[in-house]
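Quick note: the coordinates plus some simple rules give every number you see, no bench work behind them. Treat the numbers as computed from the prediction; the structure is a model and nothing was measured. Every residue, glycine as well, gets a Cβ built from its backbone with ideal geometry; the counts of neighbours run over all protein chains shown.
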Amino acid sequence: MSPSSPSSSSASSASSASRLSRRAFGGVFGATAAAVGFPAAGAEAASGPREQPFRAAAQRRSKRPNILFILGDDLGWADLSAYGSPHIKTPHLDRLARQGVRFTDAYSGSATCSPTRFSLYTGRFPGRTEGGLAEPIADRSTGLEPTHPTLASLLRDAGYATALIGKWHCGYLPDHSPTKSGWDEFFGNFGGALEYYSKLGLGGEYDLYEGEVKYKDLRYYTRILTERAAEYVRREHGRPWLLNLNFTTPHWPWIADGDEAESAEIVRRIKAGERGALWHQDGGSVAKYTQMVQDLDRSVGEVLRALKASGQERDTLVFFASDNGGERFSYNWPLSGGKGSLQEGGIRVPTLVRWPARIDGGQVSHEPVFTPDWTATLLEIGGARPDPAYPLDGTSLAPYLLRGEELAERELFWRVRGERALRRGDWKYYRGEGGADRLFNLVEDQREQADRAAAEPGLLAELRTAWERTDKELLPYPSG
């Protein structure tokens, strides 16, 4: 048996598991859900119609949609009640799920904030660009180069108005900003985190901007972003628009609306020169985290109400996801790992898509997809052409979502310092910091506890070779 070819039993197992994933996974997921105590697909809050396996709607005529792309920050896969959280209630996002498609096997482009944003904005692996090698960006030494085409610049060239509201985290002024990379408007913060009231960032700098000019507003940050986004969608645009709405919620510090005393204490520590005060490692709780996620849900609901009141709901594609897996207080069950790791809990994220004009609601998809796919999808739907000098790493899901075409089996690739992962069909190859190659069947074992490496050596070798082939195309990490 060749070490680079799976054994016949491996191929048979992969084929069988693939059939299970495509056709019968709803039943498996439902049984598992009941066993571990969270809702089966569609049983959100034990109310509303049960979700159906995804099927594209009949062809309908529609115009190019507006695109409202919403990201939560460090939100875990099961932090929404639609995904099984036993204690966090998210009625607005659950309603969005009922009205569109809920993806169970959707992934972020990386395991931390800025690399995922690079993969979304460029449609490429973070390791294609120097800025994407930072995990995450923490200083002014790098960023998304303005010469690189982006989702925003390509859609703008195709006739879209473009705006980014919220967290950028792809480089700092004077060299990097959304308005240098294709967004007509920017209102938000440049860095990876900020204190919710004072707007002080990791280095103690004030970090709220309109365009490239500081903007003073000391109210709770999530409220400000919500107001700005609602105002944007209510406008008379005269052409289709892209709005990237990037909340910082529920990223640390663990401060909810009204926690002004806790805010003042963190600000005091920042101004006293305490490094890491913003990380808030001595604060927070499950209750506080719950409060923050539920506030995010209310905020999304407010923006969606503004969209509906504007008369644009039918012709707006709404996307909601997290930029990576959850952190300290997140609920990721049954997944292992969290933010920073290439285990499922670090990269599998809640993902919802709604477009009333073209996609029927009440559906669930179990197809493995990841961030660069959405870039390719939105460019196709928006009538924009990728730049051939910067080929995309994602696959457009438009044929699948809109025409019911079957997705060809392909490989989803991830790389972070010290870890590697690749998913093909139902199988995942993973190497963590311990250095051992591991193999998991994610349909049978979402929690990544049953290592099949010894039982399937041929398949393991094949997936490892596939990972290394892609890795050779990417930039190396800087030494040190």
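Radius of gyration over Kirkwood radius for the chain, both on Cα atoms: the Rg/Rh ratio is 0.95.
Treating only the Cβ of Lys, Arg, Asp and Glu as charged (+1, +1, -1, -1), what charge dipole size does the chain show about its Cα centre? Round to the nearest 20 debye.
That gives a dipole near 1100 debye.
Summary of the geometry: region 371-396 and region 241-308, compared by the centres of their Cα atoms, lie 32 Å apart.
Within the same chain, lysines fewer than 8 places from LYS63 are excluded, and of the rest, those with a Cα less than 24 Å from its Cα are LYS308.
Going down the list LYS167/LYS339; LYS216/LYS288; LYS180/LYS214, which pairs span over 19 Å between their C-alpha atoms? Over 19 Å apart, Cα to Cα: LYS216/LYS288.
Applying a length cut-off of 15 Å (Cα extent along the axis) and a mean Kyte-Doolittle floor of -1.0 to the DSSP H helices of the chain leaves 8-19, 25-36, 221-234, 260-271, 286-309, 371-381, 457-471.
Projected label points at ASP175 and ASP282, each 7 Å from Cα along the beta carbon direction, are separated by 3.7 nanometres.
Between region 59-129 and region 401-480, the alpha-carbon centres lie 21 Å apart.
222 nm [θ] for the chain, helices only, -39500 (n - 2.57) per DSSP H run of 4+, per residue, to 500? Helices in the chain give a 222 nm mean residue ellipticity of -8500 deg cm²/dmol. Full extension of the chain between GLN59 and ARG314 yields a length gain of 90.3 nm, computed as 0.36 nm times the residue separation minus the alpha carbon distance. When the chain is described by a simple charge dipole with +1 on each Lys and Arg Cβ and -1 on each Asp and Glu Cβ, the residue from LEU422, ASN189, ALA306 located farthest towards its positive end is ALA306. Under 18 Å from a point placed 7 Å out from the Cα of LEU407 along the Cα-to-Cβ direction: which residues of region 428-443 have their backbone N that close? It comes to 428-429, 441-443, nothing else. Peptides 134-144, 157-167 ranked from most to least packed give 157-167, 134-144, packing being the mean of other C-beta atoms within 10 angstrom over each peptide's residues.
Beta bridges from DSSP with both residues in the chain: antiparallel share about 50 percent, rounded to the nearest 5.
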